[in-house]
Amino acid sequence: MAPNMRKLLIAANWKMYKTPAESTAFLTSFFPLIKKNEAAEVVLCPAMTSLPALVDAARGKSVAIGAQNMHWLNEGAYTGETSPTMLTAIGATHVLIGHSERRQYFNETDTTVNLKLKSALAHSLVPIVCVGEHLNEREQNLTADVLNLQVSVALEGIDPDALGTLVIAYEPVWAIGTGRTATPQIAEDAHKIIRARLAAIAGSHVADATRILYGGSVKPDNATNLCCLDDIDGALVGGASLDPDSFAQIIINATHRA
Ligand code: PEP
């Protein structure tokens, strides 16, 4: 598949920021700024408490709403958790899985990522699976090993035919929230490793169709260079997605390649 057959996807991860009122105020400012955008799919992942308000406010607009996390089970005695059926019931369509902050602070592992990925696919939620190496792993030349393991375990036991909506976000941990962005070449090389692994596990049709996003200090001024490369199919944006002007400018700049 030619690279430009994969539609760019630009996703916002708002982490633990914004009340429901702040989230809908963002949308009011944001929609007019991206009204000409057709080249990229746009997904906003707010805090759980803002999901219903954002789903309502985005109805009929070309912005999808996703969660930042979910449990893999439909229900149970798991205090504080949210299930896939709860997400689909309120109209969320996407879910981040295995973000490095979930791995670092909440003990998520490749095994729980695998359980969540299976569950998201079974519930027709578009999964955005986050992978990425730590700085010490990069310095020890272990990036390929880390990415190959993360992707392999995430996909274990999943029928390739079920992977039609899979999105992977390559987020080097050393670039998240640090202002230190991977160079386009570093990102492109990592994306090629991930795509090759996908091909080995699930076949080249899955590898060619899967969008691989880059995440890690994406800003308006680096979005064009990052998103113009063949294997980079969009961005997962944290800090710079909190401001409507900045996030809209990222979308405008990233879609310059389209
Ligand atoms: C993220 O949280 O996924 C992220 C990439 O954050 P930032 O853009 O702030 O580095």
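None of the figures in this text is laboratory data; all of them are computed from the coordinates on show. Please read all numbers here as calculations on a predicted model, not as lab measurements. With ideal geometry, Cβ positions are generated from the backbone for all residues, glycine too; neighbour counts draw on all protein chains shown.
Would you mind giving the three semi-axes, in whole Å and largest first, of the ellipsoid equivalent to region 10-254 according to its Cα gyration tensor?
25, 22, 17
I want the local charge near Thr112. Using Cβ-Cβ distances under 10 Å, sum +1 for each Lys or Arg and -1 for each Asp or Glu among the other residues.
Local charge sum for Thr112: +1.
Taking every pair of distinct Cα atoms and averaging 1/r, then inverting, what Kirkwood hydrodynamic radius in Å comes out for region 115-258?
Kirkwood radius, region 115-258: 15.5 Å.
Can you list the chymotrypsin sites (Phe, Trp or Tyr not before Pro) in region 70-166 that are in a DSSP coil and have 14 or fewer other beta carbons within 10 angstrom?
Qualifying residues, ordered by number: Tyr78, Phe106.
Greater than 22 Å separation of Cα atoms is the criterion. Which listed pairs, Lys61/Lys219; Lys18/Lys118; Lys61/Lys116; Lys61/Lys192; Lys7/Lys61, meet it?
Lys61/Lys219; Lys18/Lys118; Lys61/Lys116; Lys61/Lys192, as the Cα separations exceed 22 Å there.
To make sure I understand the rule: partners must be aspartates and glutamates, Cα under 16 Å from the Cα of Lys35, and not fewer than 8 residues away in the same chain. Which ones qualify?
Output for Lys35: Asp245.
Between the DSSP loop rule and a limit of at most 11 other Cβ atoms within 10 Å, which GluC sites (Glu not before Pro) in region 18-72 are left?
Listed in order of number, the matching sites are Glu38.
Say a site is exposed when it is one of the trypsin sites (Lys or Arg not before Pro), sits in a DSSP loop, and has at most 15 other Cβ atoms within 10 Å; what is then the longest site-free stretch of the chain?
So the longest stretch without any such site is 62-179.
Within 13 Å, Cβ to Cβ, of Met16, how many net charges do the neighbouring residues add up to if Lys/Arg are +1 and Asp/Glu are -1?
Combined, the nearby Lys, Arg, Asp and Glu give +1.
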